[in-house]
Amino acid sequence: MLILTCPNCGIAADETELHADGQAHITRHGAGASDDDLEEYLFMRNNPKGVHFERWRHVYGCGKWFHAARCTMTLEVFGTYPAQTLEPPKDLVAKIKKKRPDWEGFVK
Amino acid sequence: MKRYSAFAIAREAARYHTGWERAWRSPEPKSHYDVIIIGAGGHGLATAYYLGKNYGITNVAVIEKGWLGGGNTGRNTTIIRSNYLQDPSAAIYEKARSLYETMSQDLNYNVMFSPRGVIMLAQTEHEIRGYQRTAHANALQGVKTEWIGPERVKQLVPIIELSGPRYPVLGGLWQSRGGTARHDAVAWGYARACSDMGMDIIQQCEVTGIDKSGGNVTGIQTTKGAIKCNKLGMVVAGNSGHLADMAGFRLPLESVALQALVSEPIKPCMDVVVMANTVHGYMSQSDKGEMVIGGGTDGFNNYTQRGSFHHLEETVRALIETFPMISRLKMLRHWGGIVDVTGDRSPIIGTTPVGNCYINCGWGTGGFKAIPGSGWAMAEVIATGEPQGLAAEFGLNRFQEGRFIDESVAAGVAH
Ligand SMILES: Cc1cc2nc3c(=O)[nH]c(=O)nc-3n(C[C@H](O)[C@H](O)[C@H](O)COP(=O)(O)OP(=O)(O)OC[C@H]3O[C@@H](n4cnc5c(N)ncnc54)[C@H](O)[C@@H]3O)c2cc1C
Ligand SMILES: [Zn+2]
């Protein structure tokens, strides 16, 4: 069972308490955006085999959103962090890089 | 290729079964093919088969990293139906269903197609309206389905409990010509027919890179070396994003786990397929007597071919309310597959931003039923180089153009 620690309330919640909401750090294009940008925002996804940054919501807990870094090949959780950011924290990226030397790094 | 027949069985019985030949050859890859298909699942093999059968293109290799049929094709619950809402879906799924009817004869391989009928239960007012709408749409599309009331459901499925406390059965969408087939036999049958046409099926060979020149595909890198080709078809389901990445383009889909389980075998008790989409569960009985059960997908990206246990629990809990008699059954096996889910829950078949590179993916939780129709359509796209025929509406560009084939709300979540 997947267990993620909610950075908002500090609880280590198992996945039945959480809701997954896909790729994090997507640029949310709005009215007036080009077709390419809207397609990118609404439909295109990195879907990597390996390190994935994603949005989660602690639905049956504090109710707040947060981000997680996870490996889609092993289900290893590298860490969680607050949602109020445009990219993952530097120390988390460094930690992942150490564990996965072949990883290309965070790409938006 | 020696044909299978009652006579062949008698002949082999008389000589201690020493004369059966291998169903397909396992050759080393040649240096060049006219067409390479990546992925020896049902869709990849069917694509190769119809390239040969419909277009006479037989200098073809199907490259598979594991064993053929070992992906989702060998992991699914084998429900076959064509009662979709949108016209392009109805066309391709109905083509597939009709090809299933004659597949055993066509391939000279028993795929055990069993048109036992499929019911999709309506358990909310919303579903009643949704399925009645689908029944009307199907009538216009020439797909035979019918809306049936609870009494008829009970007649067809005596073991069902109609008056569940939370979700009573209010009726259902009935497709009498839907059913099931033996999943790996479909892959094996196509593989044998392809091999017989002179195509090479290369197993235990992973594609690790895509070679391009001037924006066009020229070949692939594999664990068995480089292979050149004129045209490339990617048909790798849950791994599509990964392969697209190698070729240098992006896809509008995500890979998630979908699970299934089977019970111990019991005496025949249910001779139709029942799907309960509101409560996320579906069930049929295999010829061996096992109850074959499936549910919904996990919510998060996953490539492990393992799913979350609580989803199985939810599925079984829901089905026990609908079929109380299964509460004492022991479950024998459970497994997962990685399904590629698009934004509108419809597949992608067509050209890609890379020249001479074609893709067939996004079948998600429900592509077993589509195998022959999908192969038929994909072969046309590859042979002609144009996204036309049954594939015309399923192009990758529909997401940018806003032409969705939205089956996510109408046809329920799975299968
Ligand atoms: C649990 C479960 C239940 C399902 N139930 C149903 C159902 O009842 N009805 C229905 O219609 N559908 C169902 N489906 C969906 C159905 O199984 C799929 O849509 C269908 O099998 C997809 O077939 P495919 O040939 O595209 O993919 P696959 O059978 O997955 O084949 C793709 C192949 O590509 C290979 N591959 C991947 N990467 C590489 C590489 N780099 N190099 C070489 N080869 C590679 C893989 O090894 C694999 O064999 C279910 C799926 C699951 C998981
Ligand atoms: Zn919390």
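The values are calculated or read from the model by the stated rules, or taken from the named source; none is laboratory data. Remember, predicted model here, so these are calculated numbers, not experimental data. Counting neighbours? That spans all protein chains shown, and the Cβs are built from the backbone with ideal geometry, glycine included. The area values use the complete protein model at the heavy-atom level, side chains included, leaving out ligands, DNA and RNA. Shrake-Rupley method; radii C 1.70, N 1.55, O 1.52, S 1.80 Å.
Need pairs with beta-carbon distance below 9 Å; first residue away from every other protein chain (no Cβ under 14 Å) and without any contact (Cβ under 8 Å) to a residue 40 or more places away in the chain and within the range A:9-32, second in a loop (DSSP other than H, G, I, E, B) and open to solvent by less than 20 Å² (accessible area, probe 1.4 Å); sequence gap 6+ or separate chains. Matching pairs, first to second residue: A:Ala12/A:Cys6.
Does the range B:158-180 include one or more residues that are touching a residue at least 12 places away in the same chain (Cβ under 8 Å), in a helix (DSSP H, G or I) and surrounded by fewer than 16 Cβ atoms within 10 Å (Cβ to Cβ)? Scanning the range B:158-180, I find no residue that is touching a residue at least 12 places away in the same chain (Cβ under 8 Å), in a helix (DSSP H, G or I) and surrounded by fewer than 16 Cβ atoms within 10 Å (Cβ to Cβ), so the answer is no. Filtering the range B:13-36 for residues that are outside any loop (DSSP other than H, G, I, E, B), within 24 Å of the chain's Cα centre (by Cα) and either in contact (Cβ under 8 Å) with a residue 40 or more places away in the chain or surrounded by fewer than 18 Cβ atoms within 10 Å (Cβ to Cβ) (or both) leaves a non-empty set. Residues of the range B:51-77 that are open to solvent by 20 Å² or more (accessible area, probe 1.4 Å) and either within 12 Å of the chain's Cα centre (by Cα) or more than 9 Å from ligand 1 (Cβ to nearest atom) (or both): B:Lys53, B:Asn54, B:Tyr55, B:Gly56, B:Ile57, B:Thr58, B:Asn59, B:Gly71, B:Asn72, B:Gly74, B:Arg75, B:Asn76. Note on the range B:198-220: residues that are closer than 11 Å to B:Arg25 by Cβ and among the hydrophobic types (A, V, I, L, M, F, W, C) amount to 3. If you go through the range B:299-335 and pick out every residue that is surrounded by fewer than 21 Cβ atoms within 10 Å (Cβ to Cβ) and within 14 Å of chain A (Cβ to nearest Cβ), you end up with 10.
Can you find even one residue in the range B:185-193 that is in a helix (DSSP H, G or I) and over 26 Å from B:Val339 (Cα atoms)? Looking through the range B:185-193, at least one residue is in a helix (DSSP H, G or I) and over 26 Å from B:Val339 (Cα atoms). When the range A:1-30 is limited to residues that are part of a strand (DSSP E or B) and of a type in the set (A, V, I, L, M, F, W, C), the one that is nearest to ligand 2 (Cβ to nearest atom) turns out to be A:Ala13.
Output the residues belonging to the range B:164-193 that are closer than 30 Å to B:Glu151 by Cβ and within 19 Å of the chain's Cα centre (by Cα).
Narrowing the range B:164-193 to residues closer than 30 Å to B:Glu151 by Cβ: B:164-181.
B:Gln175, B:Arg177, B:Gly178, B:Gly179, B:Thr180, B:Ala181 - these are the residues of the range B:164-193 that are closer than 30 Å to B:Glu151 by Cβ and within 19 Å of the chain's Cα centre (by Cα).
Residues being under 21 Å from B:Ala377 (Cβ atoms), without any contact (Cβ under 8 Å) to a residue 12 or more places away in the chain and either open to solvent by 10 Å² or more (accessible area, probe 1.4 Å) or within 16 Å of ligand 2 (Cβ to nearest atom) (or both) are entirely absent from the range B:39-50. Search the range B:126-148 for residues being outside any helix (DSSP H, G or I) and free of Cβ contacts under 8 Å to residues at least 60 places away in the same chain, and hand back the single one that is least open to solvent (accessible area, probe 1.4 Å). Result: B:Ile148.
Let me confirm something: among A:Glu76, A:Glu104, which residue is modelled with pLDDT under 95 and of a type outside the set (S, T, N, Q)? Exactly one of A:Glu76, A:Glu104 is modelled with pLDDT under 95 and of a type outside the set (S, T, N, Q), namely A:Glu104. Taken over the range B:243-257, the residue count meeting the criterion of being closer than 20 Å to A:Ala20 by Cβ and either more than 8 Å from chain A (Cβ to nearest Cβ) or open to solvent by 10 Å² or more (accessible area, probe 1.4 Å) (or both) is 3. Working carefully through the options A:Tyr81, A:Tyr41, find the one that is more than 8 Å from chain B (Cβ to nearest Cβ) and within 13 Å of A:Asn8 (Cα to Cα). Result: A:Tyr81 is the single residue among A:Tyr81, A:Tyr41 that is more than 8 Å from chain B (Cβ to nearest Cβ) and within 13 Å of A:Asn8 (Cα to Cα).
Applying the set (1) closer than 14 Å to B:Ile359 by Cα; (2) at pLDDT below 95; (3) β-branched (Val, Ile, Thr) to B:Val381 leaves exactly one unmet item: (2). Here A:Gly61 meets each of (1) away from chain B (no Cβ under 14 Å); (2) free of Cβ contacts under 8 Å to residues at least 40 places away in the same chain; (3) among the small types (Gly, Ala, Ser); (4) at negative phi with one exception, condition (2).
For the range A:50-92, the tally of residues that are open to solvent by 20 Å² or more (accessible area, probe 1.4 Å) and within 16 Å of ligand 1 (Cβ to nearest atom) stands at 1. Yes or no: B:Thr47 touching a Ser or Thr at 6+ places or on another chain (Cβ under 8 Å) and modelled with pLDDT of 95 or more? Answer is yes for this residue. Scanning the range A:65-108 for residues that are of a type in the set (A, V, I, L, M) and touching a strand residue (DSSP E or B) at 6+ places or on another chain (Cβ under 6 Å) yields a total of 6. Taking B:Glu393 as the residue in question, decide whether it is at pLDDT below 95 and in the same structural domain as B:Asn59 (by TED's automatic domain parsing). Criteria not met by B:Glu393.
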